[in-house]
1. Of the residues 152, 212, 162, 220, which single one is of a type outside the set (Val, Ile, Thr) and part of a loop (DSSP other than H, G, I, E, B)?
2. Return yes or no: is residue 210 over 21 Å from residue 94 (Cα atoms), among the acidic types (Asp, Glu) and in contact (Cβ under 8 Å) with a residue 40 or more places away in the chain?
3. Among what's in region 172-205 and is hydroxyl-bearing (Ser, Thr, Tyr) and not in a strand (DSSP E or B), pick the residue that is farthest from residue 95 (Cα to Cα).
4. Taking the condition of being free of Cβ contacts under 8 Å to residues at least 24 places away in the same chain and farther than 17 Å from residue 101 by Cβ, how many residues in region 185-200 meet it?
5. Counting just the residues of region 134-152 that are open to solvent by 60 Å² or more (accessible area, probe 1.4 Å) and free of Cβ contacts under 8 Å to residues at least 60 places away in the same chain, which one comes out nearest to residue 48 (Cα to Cα)?
Amino acid sequence: MKTPSSRFAIYTFLSAVICVTASASSIEDLSDPDYAVRQAATAALMLDDEITTGQLAAWYALAESPEAEQRLLTIARHRMLVTLRNERFPADGPGVLGIVPTLQSVPAPSGSKKNTPATKCIVVTRVLDGFPAAGRLEPLDRLIAINDQPLDAVLNIDRFGDLIRRYPAGQEIKLTVIRSEQTLEVAVPLANGNALQAMYATPGFGLSPEFDRAWTEHRDTHFTPPNPSR
């Protein structure tokens, strides 16, 4: 088993070799006792366009816990899929976020006039790796407006998709999001809708066979499972 001092020495050596910079603090945060800190660190690394497979593989080998290992694999999967998407699908055509949405009715606030209708929002049930929503949106986020335009009472899943597709791939849109009862403004650049259809199989939204094979080969090549005795 590696001692703390030996692990630190190895980490320092690998950091020098692979030019680890500001991301190091995020790596440390993947093992933080606070779940929110771990989530924020994961999101930061998913959005880091400068991170390399070599960096992730080195950090994976030194991961402090199975959860940290899994988070690093998730980050690696997302970064690899982003690379494939950018190579194969130019940023043109109707845009997509890369989420699996569901519809939710929101009751009128207490104190509203009698017969005030309920409004509707989109709930994020899943964020798809390789697409812009990953690292920006989270499951259970409630989307209530697009570019300051509230989602209306006749909203349904198809209409929400149409509202997003009005904006072209490559354009950034602003989503008003309720997360843990806090209202946030989240900017998300859109991806090519053809990429979503090619990379994910419906209705389960698992990776299509081609892209699943690509990820499996990438994982098996670069991410050797850590020694269980560590």
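1. 152 is the lone residue from the list that is of a type outside the set (Val, Ile, Thr) and part of a loop (DSSP other than H, G, I, E, B).
2. no
3. Per the stated criteria, the residue is 180.
4. 1
5. The selected residue is 139.
The values are calculated or read from the model by the stated rules, or taken from the named source; none is laboratory data. Everything quoted here is computed from the prediction, not taken from an experiment. No Cβ is skipped: glycine too gets one built from the backbone with ideal geometry, and neighbour counts run over all protein chains shown. Keep in mind that these areas ignore ligands, DNA and RNA; they rest on the heavy atoms of the full protein, side chains included. Shrake-Rupley method; radii C 1.70, N 1.55, O 1.52, S 1.80 Å.
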